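The values are calculated or read from the model by the stated rules, or taken from the named source; none is laboratory data. Just so it is clear, the model here is predicted, and its values are computed rather than measured. When we count neighbours, we look across all protein chains shown, and the Cβ atoms used for this are built from the backbone with ideal geometry, even at glycine. Heads up: the accessible areas ignore ligands, DNA and RNA and are worked out on the full protein's heavy atoms, side chains in. Shrake-Rupley method; radii C 1.70, N 1.55, O 1.52, S 1.80 Å.
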Amino acid sequence: MILGIETSCDETAAAVVAGGRDVRSNLIVTQYDLHSKYGGVVPELASRAHLEQLDALIQEALAEARVTPADLEGIAVTVRPGLIGCLLIGVTAAKALAWAWGKPLIGVDHIEAHATSAAIALDHDPWPAVSLVVSGGHTSLYRVEDENCLTLLGATVDDAAGEAFDKVASILKLGYPGGPVVDVRARSGDPGRVRFPRSMPGDGLDFSFSGLKTAVLYHVHGPGRTSGGLERLTGQDVDDVCAAFSAAVVDVLVERSMQALDRTGLRTLLLGGGVAANSMLRQRLSERCRERGVTLHVTPPAYCTDNAAMIAAQGHRLWVRGRRDDYRMTASASRG
Ligand code: KG4
Ligand code: ZN
């Protein structure tokens, strides 16, 4: 039984997971309302909100799981990467509780937790596998040898896929976070009416989405213009832009995933991160995997966006392998 704590960005989360799979509680307080008027996360506001929410949320997660601190084997917490002030709130809370309750502390890498999150819903560990992590902060392909050995195969050189969804939603004035609403609008749109670029930089498996975002900006406002064009678009035009933009992102994500499978010779693909909730991505990826005889495991929606169940689950796998961190463990904004 592991308590998981997640505060790396704009979601405060606490969860209790037994055996790495049995999710006894999974609580999340989102800060959408706090940041929406700024069009993005304001780090200082996010840290303060974590501080206000976290203690009560941990108590609630224990109560909902019907466990007491004595039932816990350890406390897993996100240590990297993320907003440093936000990470420090969770790490400090985890250290204090580990000390007070006399429990082991397990630091978890947020991206590795996303990369292995599909396993929560399975009755076995699906590795070795390629894992595609697509979130608001990251777009990465990993080779997952096992829970403790993940190798980065490729990552975005500029914007993350989720960030591109959020920026396009902002260009179209659809609100923040933009992914879910662009997803819904795209379902009524024609992806073939506009063609946006598919960028696949370099010879490796990297991604780039900033050019695509600029292409959408100029399509909406006119070449070289950054404002004034939105009023000319009808509701159907906006749906079509959402569909064409989503298709461009999805094509690149699917193509790179297939290349990663070819290069590694692996036959299993995992999908995690907030953008894994995207309906077009799920559909196209499952079609391509079926054609190629590749096994695809998509993370269930509840564990796609930031959550503490995936932190507790990954913490449990590391705990089983003997991982114990001491109080010198500290948060890091980057993955290094
Ligand atoms: O994993 P996550 O909660 O945060 C990070 O760790 O970054 O992912 C949040 C991101 C946001 O950018 C949001 O717009 C995007 O995931 N997202 C989606 C969908 N649902 C959430 N993007 C596309 N389609 C969706 N249905
Ligand atoms: Zn995340």
Legend entry - the range 289-332, residues that are within 16 Å of ligand 2 (Cβ to nearest atom) and of a type in the set (Ser, Thr, Tyr): 299, 303, 305, 332
Legend entry - the range 277-309, residues that are at pLDDT 95 or above, assigned to a helix (DSSP H, G or I), closer than 24 Å to residue 186 by Cα and of a type in the set (A, V, I, L, M, F, W, C): 280, 281, 285, 289
Inset, instruction - Output the number of residues of the range 1-50 satisfying the condition of being of a type in the set (D, E, K, R), within 16 Å of ligand 2 (Cβ to nearest atom) and open to solvent by 40 Å² or more (accessible area, probe 1.4 Å). - result: 0
Legend entry - Scan of the range 164-188 for residues that are in contact with a Pro (Cβ under 8 Å, 6 or more places away or on another chain) and open to solvent by 30 Å² or more (accessible area, probe 1.4 Å), ordered by number: 166
Legend entry - Residue in the range 206-219 that is surrounded by fewer than 14 Cβ atoms within 10 Å (Cβ to Cβ), within 16 Å of ligand 1 (Cβ to nearest atom) and not acidic (Asp, Glu) present: no
Legend entry - the range 184-212 residues that are on the phi > 0 side of the Ramachandran plot, paired with ones that are of a type in the set (D, E, K, R) (beta carbon under 8 Å, 6 or more apart): none
Legend entry - Single match in 130, 67 (criterion: closer than 25 Å to residue 154 by Cα, in contact with a strand residue (DSSP E or B) (Cβ under 7 Å, 6 or more places away or on another chain), away from ligand 2 (no atom under 16 Å from the Cβ) and of a type in the set (A, V, I, L, M)): 130
